[in-house]
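Colleague: Next up is a structure, given as structure tokens.
The values are calculated or read from the model by the stated rules, or taken from the named source; none is laboratory data. Computed from a prediction, not measured in an experiment: that's the story for all the values here. When we count neighbours, we look across all protein chains shown, and the Cβ atoms used for this are built from the backbone with ideal geometry, even at glycine.
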Amino acid sequence: MTISTQKDWQQRSLAAVWHPCTQMARAAMVPPLAIARGAGPWLYDFDGARYFDANSSWWVNLFGHADAGLNDAIKQQLDTLPHVMLAGCTHAPAVRLAERLSARTGGALGHVFFGSDGASAVEIALKQSFHSWRNLGRGDKREFVCLKNGYHGETIGALAVTDVAVFRDAYDPLLMRAHIVMSPDSRLANEAAALTAMRDLLAERSATIAAVIVEPLVQGAAGMVMYSAGYLRALRKLCTEFEVHLIVDEIAMGCGRTGSFFAWEQTFIEDLASAGPPQAGDAPSGGSACTRERGGQQLWPDFILLSKGITGGTLPLSLVLTTEAVFQAFWSEDVTRGFLHSHSYTGNALACAAANAVLDRFDAGQLERNAAQARLLAESFAPLAVHPRVAHLRQLGMVLAFDVQDAGLRFAERFHLAARAHQLLIRPIGNTVYLMPPYVVDAEIASFLARAVNLTLDEVLAQPMNKGIAAEDDAHVA
Ligand SMILES: Cc1ncc(COP(=O)(O)O)c(C=O)c1O
């Protein structure tokens, strides 16, 4: 019998697996960690070393790995009905999930279309927006607006509304043209200017614009760039004024990550707009705060997209929630006016069962638990604010980030590798170090994380700069 080791799996992987978001020539020098198993927030390699999954495995894992409750829900569904196509058939987990998500919008977004990965939800929303305008006799509305440095996925349509050069540039000749508008960034205090830029564009071109797409409150792949709910509220009003759909991509920031189930719900909190830019310790107080409505009126976007955390990191699933108005635009005797879009695994029953189990946690007080965990993180990381090389320590709910000044070349990769020795799996974006941990933080974990990040930072900053490496090689993402 051969015993497979860490090295064996790494070599076999490099020979057979084409890794995502990876320059494979570089991977040969920095081999992927071969993970044997996961338990809670910990991942174990084949040599038995463990690592805290500080970015929740690309922001999907909400409650830790191999969570017994989610696993039970999936196992039960597996023995009942793993999958059935959702055209011409339906099934209880999909219906329940759609009803429950719709209820979380108070019925404002009462129609749910199912996809698989996040990018497929983006494709669906772009198509639904354009096609609904077309069905209403406004087929000229076929352009989309996105924010500078925004990220919405890697398929051709999603990439067209993504403004991250390292992902986009090679495919630029293939992409439809989108309008890229100044993004709000609390570090720059530029929200008024960003709204003016948006207003100017919409005023000039709304006759040909179908929708604006944004990541709410935090632009993740841009480097956890945060901005206020006030911007979103004003954007909603602009989109209404100029008859343009608003697509809110909660693929990364939904499912309780920012403090409310939908990040959008923070537009209902009266005092957030005047609170100024978010800082460490500013974690919103969870669901209860969202019950305080502003002027009694809750304005929702035209589309909300969910994926990643909705199945707690178990199975791929994405959802597009939309309004009665958009849904009605497709309602017709004419088949071609319908939304004839599908993926084979649309509304997969196992994934829906996992998502329902995730919603059960939120029904049972997850937002309150997250608020307490966010406070623990804030307390543990507060001393970093005075580190001489740290700038803009910031936090929103269970997202904590800071920028490193004069970080040097290949900082992200060097930080990632050094952190492994401190039992931490973390992947900075450029010179921004961030944590988006599973929702399992207690006082011990919070101080472990702060200590591991501090030690890693000081080690990496003490390394001699590697002057021979091109700066663009530093694009080590998420
Ligand atoms: C905001 C946002 N939208 C869309 C996507 C694409 O999701 P997926 O990678 O599942 O296609 C991501 C992925 O990181 C994301 O952060």
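Colleague: So is THR162 within 11 Å of the ligand (Cβ to nearest atom), among the polar types (S, T, N, Q) and within 22 Å of the chain's Cα centre (by Cα) or not?
Modeller: Yes, satisfied.
Colleague: Do we have PHE381 as in contact with a His (Cβ under 7 Å, 6 or more places away or on another chain), farther than 22 Å from ILE310 by Cα and buried (at least 22 other Cβ atoms within 10 Å of the Cβ) here?
Modeller: No: the conditions fail for PHE381.
Colleague: Does the range 243-256 contain at least one residue that is more than 24 Å from the chain's Cα centre (by Cα), surrounded by fewer than 24 Cβ atoms within 10 Å (Cβ to Cβ) and more than 11 Å from the ligand (Cβ to nearest atom)?
Modeller: The answer is yes; a qualifying residue exists.
Yes/no per residue for (1) among the hydrophobic types (A, V, I, L, M, F, W, C); (2) touching a residue at least 12 places away in the same chain (Cβ under 8 Å); (3) farther than 28 Å from TYR345 by Cα:
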position: TRP133; (1), (2), (3): yes, yes, no
position: GLY139; (1), (2), (3): no, no, yes
position: ASN149; (1), (2), (3): no, yes, yes
position: HIS152; (1), (2), (3): no, yes, no
position: GLY157; (1), (2), (3): no, yes, no
position: ALA165; (1), (2), (3): yes, no, yes
position: ILE180; (1), (2), (3): yes, yes, yes
position: PRO184; (1), (2), (3): no, yes, yes
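This table checks each residue for (1) buried (at least 18 other Cβ atoms within 10 Å of the Cβ); (2) modelled with pLDDT under 95; (3) among the hydrophobic types (A, V, I, L, M, F, W, C); (4) more than 19 Å from TRP59 (Cβ to Cβ).
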{"position": "ARG414", "(1), (2), (3), (4)": "yes, no, no, yes"}
{"position": "GLN423", "(1), (2), (3), (4)": "no, no, no, yes"}
{"position": "VAL433", "(1), (2), (3), (4)": "yes, no, yes, no"}
{"position": "VAL441", "(1), (2), (3), (4)": "yes, no, yes, no"}
{"position": "VAL453", "(1), (2), (3), (4)": "yes, no, yes, no"}
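Colleague: May I pose another question? Might you check whether a residue that is assigned to a helix (DSSP H, G or I) and within 18 Å of the chain's Cα centre (by Cα) occurs anywhere in the range 175-185?
Modeller: no
Quick grid of which residues meet (1) in the same structural domain as GLY223 (by TED's automatic domain parsing); (2) more than 24 Å from PRO41 (Cβ to Cβ); (3) of a type in the set (A, V, I, L, M, F, W, C):
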| residue | (1), (2), (3) |
| --- | --- |
| ALA372 | no, no, yes |
| ALA385 | no, yes, yes |
| ARG389 | no, yes, no |
| LEU393 | no, no, yes |
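Colleague: Considering only residues that are among the aliphatic types (A, V, I, L, M), within 16 Å of the ligand (Cβ to nearest atom) and farther than 10 Å from ASP185 by Cα, which ones fall in the range 200-223?
Modeller: Within the range 200-223, ALA211, VAL212, ILE213, VAL214, ALA221, ALA222 meet the criteria.
Colleague: Okay, moving on. Being under 26 Å from ALA87 (Cα atoms), of a type in the set (Phe, Trp, Tyr) and touching a strand residue (DSSP E or B) at 6+ places or on another chain (Cβ under 7 Å) is the requirement here; does PHE130 meet it?
Modeller: In short, yes.
Colleague: Select from the range 278-322 the residues that are more than 30 Å from LYS75 (Cα to Cα) and either within 16 Å of the ligand (Cβ to nearest atom) or of a type in the set (Val, Ile, Thr) (or both) and write down the one among them that is modelled with the lowest pLDDT.
Modeller: Checked the range 278-322; the qualifying residue modelled with the lowest pLDDT is THR291.
Colleague: Then there is this: Test each condition in (1) closer than 18 Å to SER57 by Cβ; (2) among the β-branched types (Val, Ile, Thr); (3) at pLDDT below 95 for THR2 and report the one that comes out false.
Modeller: (1)
Colleague: If you don't mind, another one. Is it the case that some residue within the range 357-364 is buried (at least 17 other Cβ atoms within 10 Å of the Cβ) and basic (Lys, Arg)?
Modeller: yes
Colleague: Where in the range 51-159 are there helices (runs of 4 or more DSSP H), lying wholly inside it, with at least 1 residues that are touching a helix residue (DSSP H, G or I) at 6+ places or on another chain (Cβ under 6 Å) and more than 16 Å from the ligand (Cβ to nearest atom)?
Modeller: 68-80, 92-104, 118-135
Colleague: Could you say which residue among ALA234, ALA222 is part of a loop (DSSP other than H, G, I, E, B) and aliphatic (A, V, I, L, M)?
Modeller: That would be ALA222, the only listed residue that is part of a loop (DSSP other than H, G, I, E, B) and aliphatic (A, V, I, L, M).
Colleague: Cβ-Cβ under 6 Å, sequence separation 6+ or interchain: first residue in the range 354-379 and farther than 18 Å from LEU317 by Cα, partner among the polar types (S, T, N, Q) and at pLDDT 95 or above. Which pairs?
Modeller: Correct list of pairs: ALA378/GLN395.
Every residue, every condition in (1) crowded, with 16+ Cβ neighbours inside 10 Å; (2) charged (D, E, K, R); (3) not assigned by TED's automatic domain parsing to the domain that holds GLN395, yes or no:
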| site | (1), (2), (3) |
| --- | --- |
| ARG134 | yes, yes, yes |
| ASP140 | no, yes, yes |
| ASN149 | yes, no, yes |
| ILE156 | no, no, yes |
| THR162 | yes, no, yes |
| VAL166 | no, no, yes |
| ASP169 | no, yes, yes |
| LEU195 | yes, no, yes |
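Colleague: Working only within the range 46-84, note down all residues that are within 20 Å of ALA349 (Cα to Cα) and either of a type in the set (Gly, Ala, Ser) or modelled with pLDDT under 95 (or both).
Modeller: Matches in the range 46-84: ALA66, ALA68, GLY69, ALA73.
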